[in-house]
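Asker: Take this structure, written in structure tokens, and hold onto it; I'll ask about it next.
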Amino acid sequence: MADSFSIHRAATIIRLLVLAAVLAVAPPVTAGGPADNISFSDLKELYKHKNIPEPLSTKVSHLMTVPFVSNEAAGEVAFNRSPLLGDFIRVVHWNIERGLEFNAIAAIFDRNVEIADYLDKKEFPEDSEKRRKFLEQAELLRNADVIVLNEVDWGLKRSDYRNVAEDLARKLKMNYAFGVQFIELSPIQFEEEFTAVDPQQKEILELIKVDPERYKGLHGLAILSRFPLENVRLVPFKTQPYDWYSSEKNGFDLVEMGKRQVSKAVFLEKALKEIRRGGRTTLYADISDPRFPSGKVTIAATHLENRTKPKNRVKQLKELLEEIKGLEHPVIVAGDMNTSTQDLTPTSLRRELVKRFGNASYWLKKGASYLLGFGLVEDTVMSGLSFGRKHSDPTVKDIPFVSPNPERKFFSTLEDFRFLDGGKFDFRGEPARSWKNRGSTLSNSNERNGKGFVTTYSVHRPLLFIGKLKLDWIFVRPKTIEDAETGRRFESFPPYFGRTLDEVNDLVEDGISDHRPISVDLPLIDPKLEDARDL
């Protein structure tokens, strides 16, 4: 194979020389939106008034369209390598649930941490299968070249006011890009609307109260990469089917209240609101390396709307596809697609309270009893869900009336999509390219189970399959390349061994996140050259 790709190797040498020259003069950091220019008084204005004046509206618009980028970790990357795949890159996606368990996340990814020292010996007994799986999955995550993160906080009390993306990137010595989806305003609501009316509420309000000097309220998407990040851009969807400001601030109607199993207590009803400015978006970045056969790869990190019907997620998907259709190199789309087949993801009261305000031990032990008067409501799940065949496989056929699947259109749209050069996303499911040889639709890039996919989302205490869903996905567009010297065709970056990593999430008692990380391996040159085909 070495003789077959002599021209490719010569081109690689040229690209390496160019890269060295670029790195010698390129500035390592590019600043993004004006986060420091949004003051606490600005946040109060954003909470109070739907229509905001200039220059505040300009600040907000800039935040929602200009990403924060750091290429401090510039330098040549040593590829992952295996006897089967040769040189490959590993892409990981994880909805980290705000970064509430930042220290656990960092420990799992950080190669300099002895992760075995963090394991509870009762939960992970020596020589147990669970311990073995945990350590194997942690090692896999530590070899990630690109990490796509959903639900990433910056300057929120619940996540210790961290800049989660920056702090994690620095620990891992990776470059990063962060894009704002929402400005979180729920804590401002309590600052503006509530005064203590009894000792119990006073204690709760003290826990909710934020530090005006540290509170930024930014929440969004991040891409971490061992490769330089180029052409980074943040593109909000035009389709925003749920108004996170007006709808949440104005309160829920009776149907919505019933869905969420919310107490009639006014205080709790307000606590469960998630008042935000902004909307769903996609963060794009190119990773480049002269050793890539195509020179670069585009990463699209996204998070589609959950509080809407599946047809509106299809509209958001079409916008994303329109944005990337002209690309002629490999593309990786990763994110929480919220493919629940419903318009509201199952959740729990505990998670909702912790997500908004942190202080997990308080809410778990006594906070909810102050609010409800009868203790913590455990893991309520939407009633009447008929998703037995769909909860783990939202790709299944739509059978009207008998077994409808409104999410099917999302996957058929993606499968039928063609880039302008004729390329397409890899929907193959070949046993030899799939984890545990479970070959079926999309199994090369997303792990299948005995029936359907391994689910990526779970409430704290699911009831059988109720409360478990396949929401998170990695979709890959490989590139078919023809060697100019030999005429042989090969695939670059085809997906292999898509996995869902369950065990690592159990490092802390209640789980690091309500989502599990997923991964895929992408060889620079497909070792199965005889299987190369147009994509």
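The values are calculated or read from the model by the stated rules, or taken from the named source; none is laboratory data. All values derive from a computational prediction rather than experimental measurement. Backbone-built Cβ (ideal geometry, glycine too); neighbour counts: all protein chains shown.
Asker: Taking region 390-427 only, how many residues are under 24 Å from Lys468 (Cβ atoms), in a loop (DSSP other than H, G, I, E, B) and free of Cβ contacts under 8 Å to residues at least 60 places away in the same chain?
Answerer: Summing the residues that are under 24 Å from Lys468 (Cβ atoms), in a loop (DSSP other than H, G, I, E, B) and free of Cβ contacts under 8 Å to residues at least 60 places away in the same chain in region 390-427 gives 8.
Asker: Also, quick follow-up: Identify, from the list Lys409, Lys436, Lys397, Lys451, the residue that is basic (Lys, Arg) and at positive phi.
Answerer: Values: Lys409 fails: at positive phi; Lys397 fails: at positive phi; Lys451 fails: at positive phi.
The unique qualifying residue is Lys436.
Asker: Consider region 55-72. How many of its residues are under 20 Å from Pro228 (Cα atoms) and of a type outside the set (Val, Ile, Thr)?
Answerer: 5
Asker: Can you tell me how many residues within region 36-91 are not in a loop (DSSP other than H, G, I, E, B) and not polar (S, T, N, Q)?
Answerer: 24
Asker: Restricting to region 484-514, and then to whatever is more than 20 Å from Asn80 (Cα to Cα), of a type in the set (Gly, Ala, Ser) and under 21 Å from the mean Cα position of the chain (by Cα), can you tell me which residue is surrounded by the fewest Cβ atoms within 10 Å (Cβ to Cβ)?
Answerer: Gly511
Asker: Right, here's the next one. Could you pull out the residue among Ala116, Ala138 that is under 25 Å from Arg499 (Cα atoms), surrounded by 19 or more Cβ atoms within 10 Å (Cβ to Cβ) and out of contact with any Phe, Trp or Tyr (no Cβ under 6 Å at 6 or more places or on another chain)?
Answerer: Ala138
Asker: Would you confirm, using the coordinates I've provided, whether Arg170 is out of contact with any strand residue (DSSP E or B) (no Cβ under 7 Å at 6 or more places or on another chain) and modelled with pLDDT of 95 or more?
Answerer: So Arg170 fits the description; yes.
Asker: Also, quick follow-up: Consider Phe490 carefully, then state whether it is modelled with pLDDT under 95 and more than 21 Å from Glu97 (Cα to Cα).
Answerer: Considered against the rule, which asks whether it is modelled with pLDDT under 95 and more than 21 Å from Glu97 (Cα to Cα), Phe490 comes out as yes.
Asker: What helices (runs of 4 or more DSSP H) completely inside region 205-284 contain at least 2 residues that are at negative phi, in contact with an Asp or Glu (Cβ under 6 Å, 6 or more places away or on another chain) and modelled with pLDDT under 95?
Answerer: Fully inside region 205-284 and qualifying: nothing.
Asker: Give the residue that is nearest to the chain's Cα centre (by Cα), with candidates limited to residues of region 70-98 that are among the β-branched types (Val, Ile, Thr) and crowded, with 21+ Cβ neighbours inside 10 Å. Break it down stepwise before answering.
Answerer: Initial filter on region 70-98 (among the β-branched types (Val, Ile, Thr)): 77, 89, 91-92, 96.
Subset that is crowded, with 21+ Cβ neighbours inside 10 Å: 89, 91-92, 96.
Details: Ile89: 18, Val91: 12, Val92: 9, Ile96: 7 Å.
In this case the residue turns out to be Ile96.
Asker: Ok, one more. Given the criteria out of contact with any helix residue (DSSP H, G or I) (no Cβ under 8 Å at 6 or more places or on another chain), of a type in the set (Ser, Thr, Tyr) and over 19 Å from Ser294 (Cβ atoms), does Ser443 qualify?
Answerer: Numbers: out of contact with any helix residue (DSSP H, G or I) (no Cβ under 8 Å at 6 or more places or on another chain): no; of a type in the set (Ser, Thr, Tyr): yes; over 19 Å from Ser294 (Cβ atoms): yes.
In short, no.
Asker: Just to be sure I understand the filter: pairs with C-beta atoms under 6 Å, separated by 6 or more residues or on different chains, first member in region 428-443 and free of Cβ contacts under 8 Å to residues at least 24 places away in the same chain and in a loop (DSSP other than H, G, I, E, B), second member of a type in the set (Ser, Thr, Tyr) and crowded, with 16+ Cβ neighbours inside 10 Å. Which pairs pass?
Answerer: Note: pairs meeting the criteria are Gly429/Ser440; Gly429/Thr441; Gly429/Ser443.
Asker: Looking for something more than 29 Å from Ala300 (Cβ to Cβ) and in contact with a Gly (Cβ under 9 Å, 6 or more places away or on another chain) - is there at least one such residue anywhere in region 118-135?
Answerer: Checking region 118-135: not a single residue is more than 29 Å from Ala300 (Cβ to Cβ) and in contact with a Gly (Cβ under 9 Å, 6 or more places away or on another chain).
Asker: Name the single residue that is surrounded by the most Cβ atoms within 10 Å (Cβ to Cβ) among those in region 152-179 being within 30 Å of Phe292 (Cα to Cα) and within 15 Å of the chain's Cα centre (by Cα).
Answerer: Applying the filter and picking the extreme gives Gly179.
Asker: Then there is this: Take region 129-151 and flag every residue that is under 16 Å from the mean Cα position of the chain (by Cα) and in a loop (DSSP other than H, G, I, E, B).
Answerer: Those that are under 16 Å from the mean Cα position of the chain (by Cα) and in a loop (DSSP other than H, G, I, E, B): Ala144, Asp145.
Asker: Could you look through region 511-535, keep only residues that are under 19 Å from Ile115 (Cβ atoms) and assigned to a loop (DSSP other than H, G, I, E, B), and pick out the one that is modelled with the lowest pLDDT?
Answerer: Only one residue tops the list, namely Gly511.
Asker: Please work out which residue is surrounded by the fewest Cβ atoms within 10 Å (Cβ to Cβ), limiting yourself to region 285-305 and to residues that are closer than 24 Å to Ser340 by Cβ and of a type outside the set (A, V, I, L, M).
Answerer: Once the filter is applied, the top-ranked residue is Glu305.
Asker: If you don't mind, another one. Can you list residue pairs whose Cβ atoms sit under 7 Å apart, with the first residue in region 192-220 being under 19 Å from Asp42 (Cα atoms) and the second being small (Gly, Ala, Ser) and at pLDDT below 95? Count only pairs 6 or more apart in sequence or on different chains.
Answerer: Lys216/Ala35; Leu218/Ala35
Asker: How many residues, within region 309-335, are in contact with a helix residue (DSSP H, G or I) (Cβ under 9 Å, 6 or more places away or on another chain) and farther than 21 Å from Arg418 by Cβ?
Answerer: 2
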